[in-house]
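Trainee: I am attaching a structure below and will ask some questions about it afterwards.
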Amino acid sequence: NHVQVLDEHGQPTATWEDLGERALITSIAVAEQDVFVADAGNLLVMHYNLAGQLVGRIGARDGRGGSMGFVVPSPFFDVAVGPSNVGRIGNPSHNVLYVANPGALRIESYSFDGDLEAFWGKAASSIEGFFGCCNPAHFAVLPDGRFVTAEKGLLRVKTYTSDGEFDSVVAGPEQLDTSPRAADGSLWDQEYRAVDVAADSRGRVLVLDLAGGSVRVYQPKQVDEPKQSE
C-alpha cells in the first residue's frame, strides 16, 4: 500500500505515503523526474515526483480522461513510460504514460498531466485481440515504440506495432502453460496466472516464467537473405 525507496545497497532511504486500506500497488514506472504508481485497489495511477510528493491522480472521473475510468476486475494493472508513438498514439517528440485498462481490454496513453491521448485494443479470441475478462495483464514498450503484451488465463506473449496493430507472437501456451493444475482438475487459478514481460535496449523480449522459475529471453528470428539467381 506504499512505495519504499532503497539505495544501491538495498538500504531503505524513504517511505512514501500510505495509500489506504483499499490500496493494492501492482506496478511502478519511472521517468527522469516522475514516478507513476498503479493502484489496482483504488483504480488510480498516482503521479509523484522523485521526492515522493504527490503531483496528481490519473483515472479519477474528473472529465480529463476516459469516461469509463480504469476497470480492474483482478489484480493486474500495469503501467509503463515510453516514447510517444506515431499515428493514433500521438506526437513522437515526447514521452508519455501507457496504462493497461484490463477490463476494457485495451492500452491507453496519457500525457504526464493526466490527459487521455489515445487507446487501442479489442476483445477477441483470435490472436489479434485480447481474450478473457481483463487483459493485457502485463505489457512493456520496446525501444522502437512497439508493444509487448502478456495475457493471463490463456498464456500468450505478443507484439503490436506502435499504433496498436498486431505484429507477431513471441510465445504461446505450449511454451508458457507448464504449471500443474489444481488437484481437483479445476481451473480456479487460471485467471490469476500470468507471465510478466520487459524489453531491453537491444529490443529483446524478457519473459518471467513463474512455472519454470526462469527468465526467458526472446529475440526476433533472423530471416535469411534470398539467394540471387545467376
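The values are calculated or read from the model by the stated rules, or taken from the named source; none is laboratory data. Bear in mind the structure is a predicted one, so any value in this text is a computation, not a measurement. All Cβ positions, glycine included, derive from the backbone under ideal geometry; neighbour counts span all protein chains shown. For the accessible areas, the whole protein counts, side chains as well, though only heavy atoms, and no ligand, DNA or RNA atoms are used. Shrake-Rupley method; radii C 1.70, N 1.55, O 1.52, S 1.80 Å.
Trainee: Considering only residues of region 201-211 that are open to solvent by less than 30 Å² (accessible area, probe 1.4 Å) and either touching a Lys or Arg at 6+ places or on another chain (Cβ under 8 Å) or charged (D, E, K, R) (or both), which is modelled with the highest pLDDT?
Mentor: VAL207
Trainee: Next up: Take region 83-108 and flag every residue that is hydroxyl-bearing (Ser, Thr, Tyr) and either at pLDDT below 80 or over 18 Å from ILE58 (Cα atoms) (or both).
Mentor: Correct list: SER84, SER93.
Trainee: Just give me the residues in region 152-169 being touching a Lys or Arg at 6+ places or on another chain (Cβ under 8 Å) and not polar (S, T, N, Q), in sequence order.
Mentor: Matches in region 152-169: LYS152, GLY153, LEU155, TYR160, ASP163, GLY164, PHE166, ASP167, VAL169.
Trainee: Among the candidates ARG57, ARG22, single out the residue that is of a type outside the set (Asp, Glu), part of a loop (DSSP other than H, G, I, E, B) and open to solvent by 20 Å² or more (accessible area, probe 1.4 Å).
Mentor: On inspection, the qualifying residue turns out to be ARG22.
Trainee: Moving to a separate point now. Any idea which residue in region 1-19 is surrounded by the most Cβ atoms within 10 Å (Cβ to Cβ), counting only those that are over 18 Å from VAL79 (Cβ atoms) and hydrophobic (A, V, I, L, M, F, W, C)?
Mentor: ALA14
Trainee: When you look at ASP167, is it exposed (fewer than 14 other Cβ atoms within 10 Å of the Cβ), within 17 Å of the chain's Cα centre (by Cα) and at pLDDT 85 or above, yes or no?
Mentor: No, not satisfied.
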